[in-house]
Amino acid sequence: MATQRWNNLAVLVVGLVLLGSGCLSIEPQSQTSEEAAQSLSFVSGSSFRVRETVLGLGGKVATLFGQSDVERTVDIQKWEAGKQAVLHWSREFKEETEASKKARLDYQALYVSAPVGATLPTSPEPQYKKTVEQGTLETQALADASKVLLPLFWAKDQTQGDDTSLLWLSRKQYDELVNTRKTKVNLGLFDDSISYAMSLTDQVKYFVDRIKGSQDQPQQEDVLQIDAKIDWATYALSVNGVNTAVRAISAQNAFARYTILANPDNPLILSVMLSPASRGSLNLFSKQAIGEAFWGYEITGVTLADAEPSADQLQP
């Protein structure tokens, strides 16, 4: 019964995603989406906010499936378009204290062992403490890196990312994607379990083709290649506090869907949503499994350093 409830819940959330829930309300803007995307030029002191999602939705939906709803603030300490970046990220959240956890476990044990008619003390309320996590990300590979560093792998109190393009496509990848609608992106998830899952997929395709009479051998799918849609996309983003529609590129493969800012000098990956195949598993029989299988992130807001007030902000 519990499994059926979670499967039904997953279907419901998928329905919300397909209906487009969670989008920002965009006011009429003086810039086109193309101009808005081109105007997003980072310099030292700029920042953006990142939050985790499940099935493309954040907030309470993410927590429902065991993921964090706390936004990370990413401060750009050094930026050279197409070359290098140094970022500092942090997030602040409430965490239950160890003493509080022990008190609730002790009360639960007391409750379970109490006889009928026993008078028990009041159940203890959870007690929380403020926790701050932070780390540093840096790279000099924005020109030609093939691997990104998902927030899923950001480690607190560490410096990471020197062989990746962090949350950007490299200049090489962006040019390939725009000109050929294809490029290769390594999410750092492609282990033996995914290779096994892909081999099973190929075997099934081959079996079906043989039933239909085809004698062709199955072609091995490139797990790194992503393919872009031919039409430009639009992404809703808060820019200096103003909800703004920016031009973007939508791309995907069997493992993830991507939305990328249409700006060759700032090809920020605005959102990623993984598929179950990216984790090498189709186990969707618990809320934690669903949260992991459809994990993702989205950029919710950007603050440009020393930015002049936009025409939208100046309007009464």
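The values are calculated or read from the model by the stated rules, or taken from the named source; none is laboratory data. No experiment lies behind these values; they were computed from the predicted model shown. Note that we place each Cβ from the backbone using ideal geometry, even for glycine, and neighbour counts take in every protein chain shown.
Could you check residue 115 against (1) loosely packed, with under 15 Cβ neighbours inside 10 Å; (2) within 30 Å of residue 43 (Cα to Cα) and say which number it fails?
Result: residue 115 passes all but (2).
For segment 97-155, what are the residues that are polar (S, T, N, Q) and either over 33 Å from the mean Cα position of the chain (by Cα) or within 21 Å of residue 48 (Cα to Cα) (or both)?
108, 113, 119, 122, 123, 131, 134, 136, 139, 140
Of all residues in segment 125-152 being more than 17 Å from residue 224 (Cβ to Cβ) and of a type in the set (A, V, I, L, M, F, W, C), which is surrounded by the fewest Cβ atoms within 10 Å (Cβ to Cβ)?
Among those residues, the one meeting the criterion is 132.
Read through the list (1) in contact with an Asp or Glu (Cβ under 6 Å, 6 or more places away or on another chain); (2) of a type outside the set (Val, Ile, Thr); (3) at pLDDT 90 or above, then give the number of the only condition that residue 68 fails.
With (1) in contact with an Asp or Glu (Cβ under 6 Å, 6 or more places away or on another chain); (2) of a type outside the set (Val, Ile, Thr); (3) at pLDDT 90 or above applied to residue 68, the lone miss is (3).
Restricting attention to segment 103-155, which residues are part of a strand (DSSP E or B) and charged (D, E, K, R)?
If the condition is that a residue be part of a strand (DSSP E or B) and charged (D, E, K, R), then 129, 130, 133, 138, 147 are the ones that fit.
If the requirement is being at pLDDT 95 or above, surrounded by fewer than 20 Cβ atoms within 10 Å (Cβ to Cβ) and among the aliphatic types (A, V, I, L, M), which of these qualifies: 307, 233, 262, 251?
233
Just the residues that are surrounded by 13 or more Cβ atoms within 10 Å (Cβ to Cβ), at pLDDT below 55 and out of contact with any helix residue (DSSP H, G or I) (no Cβ under 6 Å at 6 or more places or on another chain), please, taken from segment 200-230.
201, 202, 205, 206, 209
For (1) in contact with a Phe, Trp or Tyr (Cβ under 8 Å, 6 or more places away or on another chain); (2) modelled with pLDDT of 65 or more, each residue gets a yes or a no:
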{"position": "14", "(1), (2)": "no, no"}
{"position": "36", "(1), (2)": "no, yes"}
{"position": "42", "(1), (2)": "yes, yes"}
{"position": "48", "(1), (2)": "no, yes"}
{"position": "54", "(1), (2)": "yes, yes"}
